[in-house]
Amino acid sequence: MSRKKIKRFEELETFPNFFRYFNIGKGGGWAREFFGDDKPVTLELCCGKGDFTLGMARIFPNRNLLAIDRKGDRIWSGASRAIDQGLSNTAFLQTDIELLGDLLDEGQVEEIWVTFPDPLPKRKQAKHRILGPAFLQIYKKLLLPGGLIHLKTDSDDFIDSTLEVLQKEKVDIRLVKKDIYAETMSDPLLDIKTDFEKKHLAIGRKIHYLVFSFKH
């Protein structure tokens, strides 16, 4: 491991907005304590460097935002910038998504954003995709009734395979857009572009957008 990474890991341990799954116990009390209220949280899964969460924090200063990734060196970037920018409504959690059902309470989440996840294109990887059936059961438990799940991806295969999965689930598909920048959309959140997205747009990749909720 490089000295740079070691230094970042050491710094992360001192950040008040950073949490590890094995240090917080079960349930969502830790999140309520951090945010100082009982408002539900908005999640960004596979947050990477946290670009999207930081963009949301600036647009919605009264929302409680929780960015999640399994890689601490990625989280360091977002968590440090949130501190530098005084974004006190933003927390970062290092964990595998499979554990989320134990780390938050039922109905504690109002919205989930999945921004450019690894598409895991091989057939044998299908059960590990972040919008596969097992993961959807976790999200259904955590979301408030009517809570939305948003997906942004540059992968044709990923959005198509996700739609195939959703056809077998009890969901309401609210919106599907292939190539969202081919037309003007009024949602300011869609104007937030991560570094990953900018790189793909620069080489001509199309960005797809899907929104759905669970039926109760």
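The values are calculated or read from the model by the stated rules, or taken from the named source; none is laboratory data. Not measured: the values here are computed from a predicted model. Every residue, glycine among them, receives a Cβ derived from its backbone with ideal geometry; neighbour counts consider all protein chains shown. Side chains included, ligands, DNA and RNA excluded: accessible areas come from the protein's heavy atoms. Shrake-Rupley method; radii C 1.70, N 1.55, O 1.52, S 1.80 Å.
Which order do peptides 153-161, 170-178 fall in by mean Cβ count within 10 Å, highest first?
153-161, 170-178
Based on DSSP, what percent of beta bridges with both residues in the chain are antiparallel, to the nearest 5?
Counting DSSP beta bridges with both partners in the chain, the antiparallel share is about 35 percent.
With a 1.4 Å probe and all protein chains kept in place, how do Glu44, Glu11, Glu98 rank by accessible area, largest first?
Glu98, Glu11, Glu44
Give the ranking of Asp69, Asp102 by solvent-accessible surface, highest area first, calculated with a 1.4 Å probe.
Reading off the accessible areas and sorting them downward yields Asp102, Asp69.
With all protein chains present, calculate the accessible area of Ile203 using a 1.4 Å probe and round the result to the nearest 10 Å².
120
Roughly how many Å² is the accessible area per residue of segment 22-110, as a whole number, for a 1.4 Å probe?
With all protein chains present, segment 22-110 gives 42 Å² per residue.
In the structure shown, do any of Lys124/Lys177; Lys71/Lys122; Lys168/Lys215; Lys168/Lys193; Lys178/Lys199; Lys140/Lys215 have a Cα-Cα gap over 20 Å, and if so which?
Listed pairs above 20 Å: Lys124/Lys177; Lys71/Lys122; Lys168/Lys193.
Residues with beta-carbon under 15 Å from that of Glu10, excluding Glu10: net charge, scoring Lys, Arg +1 and Asp, Glu -1?
So the environment of Glu10 carries a net charge of +3.
Roughly what % of DSSP beta bridges within segment 98-216 run antiparallel, to the nearest 5?
Of those bridges, close to 65 percent are antiparallel.
Roughly speaking, what is the stretch gain from Phe60 to Lys198, that is 0.36 nm per residue apart minus the C-alpha to C-alpha distance, in nm to one decimal?
Contour length minus the Cα-Cα distance gives 47.4 nm.
At a threshold of 8 angstrom on Cα-Cα distance, excluding pairs fewer than six apart, so keeping six or more, what relative contact order does the chain reach in percent?
It rounds to 21 percent for the chain.
If you take Rg/Rh (Cα atoms, Kirkwood Rh) from the coordinates, which of (1) 1.05; (2) 1.00; (3) 0.95 do you get?
(3)
Considering only Lys122, Lys168, Lys140, give the residue with the highest GNM mean-square fluctuation for the chain, with springs between Cα atoms whenever their separation is below 10 Å.
Highest fluctuation of the listed residues: Lys122.
From the phi angles alone, apply the Karplus equation (6.51, -1.76, 1.60; θ = phi - 60°) to segment 196-203 and give each ³J(HN,Hα) in whole Hz, x where the residue is Gly or Pro.
Values, residue by residue: 4, 5, 4, 5, 6, 5, 5, 9 Hz.
Relative contact order of segment 72-196: what whole-number percent is it, with Cα pairs under 8 angstrom and at least 6 residues apart?
This gives 25 percent for segment 72-196.
Compare the peptides 180-189, 15-24 by average per-residue count of other Cβ atoms within 10 angstrom and give them in order, highest first.
15-24, 180-189
Rounded to the nearest percent, how much of the accessible area of the chain (1.4 Å probe, protein heavy atoms only) is carbon and sulfur?
50
Can you compute the helix-only [θ] at 222 nm over the chain? Use -39500 (n - 2.57) per DSSP H run of at least 4 residues, normalise by all residues, nearest 500 deg cm²/dmol.
Rounded to the nearest 500, it is -9500 deg cm²/dmol.
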